[in-house]
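Input: a single structure, listed below in structure tokens.
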Amino acid sequence: MDEHTPTAAVVAGRMERNRPKADYSELKRRVKEQGLLDKQPGFIARKMLINFALLGLSVAVLFLSDSLWLQIPNAVLMAFVFGQFGFVAHDAGHRQAFRTPRRNDLVGMLHANVLLGMSFGWWLDKHNKHHANPNQHDADPDIDMPVLAFSEQDALKKRGLFRFLVKHQAIFFFPLLLLQALSLHAGSVGFLLSHKTKYRALEAVLLLVHVVAYVGVIIAALGLGHALVFMLVQQALFGFYLASVFAPNHKGMLVLGSGDELGFMLRQVLTARNVHPHPITDFWYGGLNYQIEHHLFPTLARNKLREAHVIIKRFCEEHEISYYQTSMLGSYREIIAYLHQVSAPLRANAEQPRPGPGY
């Protein structure tokens, strides 16, 4: 639909004018009658086999030579493979693969805890809160970050180093993505130490297995010095890849106040941004470029999102609901522009002249 940069004011204006009475049950009926909500164990199994083969290739390359000229590209490959593991963990967390929660949990913990070093329970708790309250202040953990602000009010509350980072957050945004893997590891450990969850002990053991296997194999193959370089590059790029895929989903879209009470459909559609469909884009984003479809139907497997996209976009047009999508580069331009706009009061305050001695 729209190809220009959306602003909160524009989207909110459309929302107030239209207030469509779209029936979510009717949309669900259209999607369901096409068989799009069926579980997809075969698709997930194929993805897992491909990803494990790529991981095996990367590990084999580790033992071919300790030359950094070979191992830096290999670190890039392994970072990409870890991103693919993250997509499978996401699929399992949304119960897209299997009918029983236990099977989905086992696949989720295999990919999150064992392969990525991230607590599946921590991510699931955080991600469910996000889906229930996308882009809503004091409710969505994905916009509650110490190093970024998504409203002028949040920006003005920052202090110390965080205030400096937020003041220039449009500049620091992409470099900060390099720290995303570190944030995932730290958040996982903190969560397991402070929360009693169903699989707490198992998750802790699996995280330990990840650390021993990941660090041990790389040091055994490359030696300590080159291993440290490899792990630094691999973890930074893995975090960057994952965060760069998730960022276009909601950053720079409508942010809701803590008291806003939109219906489910408007809440999910107006706070989300799609990136234009394309086979390469669909693969790179793990299907998350269909963010509107994903939020309306979280259990919809990613190999069915493209078909659902046609149905949902048409439904939104019928009911005059603003359905926003843009290009990959366009989404990043919008995010940077929004972050720059939000942090403007901090820069304005810093530029105000100080009173002279005569005052």
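The values are calculated or read from the model by the stated rules, or taken from the named source; none is laboratory data. Since this is a predicted model, take the numbers as computed values, not measurements. Cβ: placed from backbone, ideal geometry, glycine included. Neighbour counts: every protein chain shown. With ligands, DNA and RNA removed, areas are computed over all heavy atoms of the protein, side chains included. Shrake-Rupley method; radii C 1.70, N 1.55, O 1.52, S 1.80 Å.
Of note, L182 does not satisfy the criterion of being open to solvent by less than 60 Å² (accessible area, probe 1.4 Å), under 18 Å from the mean Cα position of the chain (by Cα) and over 19 Å from R347 (Cβ atoms).
Restricting the search to the stretch 249-278, which residues are under 20 Å from N303 (Cα atoms) and touching a residue at least 60 places away in the same chain (Cβ under 8 Å)? Within the stretch 249-278, A272, R273 meet the criteria. One residue alone among F150, F230, F172, F191 is free of Cβ contacts under 8 Å to residues at least 40 places away in the same chain and among the aromatic types (F, W, Y), and that residue is F172. With respect to the stated conditions, F98 fails to be surrounded by fewer than 21 Cβ atoms within 10 Å (Cβ to Cβ), free of Cβ contacts under 8 Å to residues at least 40 places away in the same chain, over 21 Å from Q291 (Cα atoms) and under 23 Å from the mean Cα position of the chain (by Cα). Wholly within the stretch 1-84, which helices (runs of 4 or more DSSP H) include no fewer than the required count, namely at least 2 residues that are at pLDDT below 70 and either open to solvent by 70 Å² or more (accessible area, probe 1.4 Å) or more than 27 Å from S331 (Cβ to Cβ) (or both)? Because the criterion is at least 2 residues that are at pLDDT below 70 and either open to solvent by 70 Å² or more (accessible area, probe 1.4 Å) or more than 27 Å from S331 (Cβ to Cβ) (or both), the helices (runs of 4 or more DSSP H) in the stretch 1-84 that meet it are 8-18. Restricting the search to helices (runs of 4 or more DSSP H) fully inside the stretch 105-183 and requiring at least 1 residues that are charged (D, E, K, R) gives 120-132, 152-157, 160-167. Being buried (at least 18 other Cβ atoms within 10 Å of the Cβ), within 18 Å of L270 (Cβ to Cβ), of a type outside the set (F, W, Y) and at pLDDT below 95 is a description that does not apply to S331. Checked across the stretch 190-203, the condition of being assigned to a loop (DSSP other than H, G, I, E, B), within 29 Å of M231 (Cα to Cα) and open to solvent by less than 30 Å² (accessible area, probe 1.4 Å) holds for no residue. Restricting attention to the stretch 317-329, the residues being assigned to a helix (DSSP H, G or I) and within 16 Å of P279 (Cα to Cα) number 1.
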